[in-house]
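The block underneath contains the structure these notes are about, expressed in structure tokens.
The values are calculated or read from the model by the stated rules, or taken from the named source; none is laboratory data. Predicted model only: the values in this text are computed from it and were never measured. Virtual Cβ from ideal backbone geometry, glycine too; neighbours counted across all protein chains shown.
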Amino acid sequence: MNKILFSSISRKFVMALAGLFLLTFLPVHFAINLLLLKSDPVPFNKAAHFMATFPVIKIFEVVLIAGILIHVSYGIWLQIENWLARPVGYASRPKSEVSFFSRFMIWTGATIFTFLVLHFFNFYFIKLGFVKGDAENFYSVAHSLFKIPAYNYIYLVCFTLLGFHLYHALYSAFQTLGLNHRIWTPIVKIVALIYAILIPAGFAFISVSIWQFS
């Protein structure tokens, strides 16, 4: 059992599954965040209240956090193994698209994880009562944060890096799962590119709209 869970190939497989699971959450989160663009705070606060109290969602929340921790910890583990296996950098690296994105996955991932911790402090920890704030009015909490220029700059940088991370993560996950195909792999790359542009751009649009026009 330990060999299955902790071999290098198995860790890549588990990390890929956890990553794909996390990718399904982003469109849901984006759809809810679109309600922040309404002048009426009630729809967003109702959606946030539903997400915080509905039993099935609460179970999904635990699974989501577990998915984040598994994806991050296995990613760090694999990266450390790669560094230890190649203590001396290559004299020259192949200038391929895959090598470029692969090289920086750990750093884009670390930036995104840092932002997630900040995001948890601003929202999730308020819901748990660890941080002061109105858990029944996350609409005002979000609008207050998006009115801060520095927060928006951090937000936009993190979501730009998220786009790079998503692009490589999505199609490499399919490769890890053994779903390579001469026809489908190029299609997966196109889907990954579209997803990696639209999702971060959508979140950025919400933040900039509130910051500049709300």
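Things to note:
- Checklist (1) among the aliphatic types (A, V, I, L, M); (2) modelled with pLDDT of 70 or more; (3) surrounded by 14 or more Cβ atoms within 10 Å (Cβ to Cβ) applied to Ala85, failing item: (3)
- In this structure, Val141 qualifies as modelled with pLDDT of 85 or more, under 26 Å from His49 (Cβ atoms) and of a type in the set (A, V, I, L, M).
- Within segment 115-134, the set of residues being small (Gly, Ala, Ser) and either touching a strand residue (DSSP E or B) at 6+ places or on another chain (Cβ under 7 Å) or surrounded by fewer than 17 Cβ atoms within 10 Å (Cβ to Cβ) (or both) comprises just one member, Gly129.
- Selection of first residues in segment 52-63 that are over 20 Å from Asn137 (Cα atoms) and of second residues that are surrounded by 12 or more Cβ atoms within 10 Å (Cβ to Cβ), restricted to Cβ pairs under 8 Å at least 6 apart or on distinct chains, gives the following pairs, ordered by first then second residue: Val63/Phe21.
- Criterion applied to Phe115, Phe123, Phe25 was being modelled with pLDDT of 80 or more and touching a Cys at 6+ places or on another chain (Cβ under 7 Å), and the one residue passing it is Phe115.
- Some residue of segment 61-71 being modelled with pLDDT of 80 or more, at negative phi, of a type in the set (D, E, K, R) and part of a helix (DSSP H, G or I): no
- Segment 30-59, residues that are out of contact with any helix residue (DSSP H, G or I) (no Cβ under 7 Å at 6 or more places or on another chain), under 24 Å from Gly129 (Cβ atoms) and modelled with pLDDT of 90 or more: Val42, Lys46
- Which numbered condition Ala192 fails, given (1) at pLDDT 90 or above; (2) over 25 Å from His49 (Cβ atoms); (3) touching a His at 6+ places or on another chain (Cβ under 9 Å): (1)
- Applying a threshold of 7 Å to beta carbon distances and a minimum spacing of six or more residues, or different chains, the list of pairs starting in segment 189-211 at a residue that is closer than 13 Å to Pro27 by Cα and ending at one that is among the polar types (S, T, N, Q) reads Pro200/Thr160; Phe203/Asn33.
- Within segment 121-143, the set of residues being over 17 Å from Asn33 (Cα atoms) and of a type in the set (Gly, Ala, Ser) comprises Gly129, Gly133.
- For first residues located in segment 131-158 and farther than 14 Å from Pro41 by Cβ, partners that are loosely packed, with under 14 Cβ neighbours inside 10 Å and lie 6+ apart or on another chain with Cβ distances below 7 Å form the pairs Val131/Phe121.
- Among residues of segment 151-168, those that are among the aliphatic types (A, V, I, L, M) and either surrounded by fewer than 18 Cβ atoms within 10 Å (Cβ to Cβ) or touching a strand residue (DSSP E or B) at 6+ places or on another chain (Cβ under 9 Å) (or both), counted: 3
- Selection count where residues are farther than 16 Å from Gly109 by Cβ and in contact with a helix residue (DSSP H, G or I) (Cβ under 9 Å, 6 or more places away or on another chain), scope segment 145-170: 10
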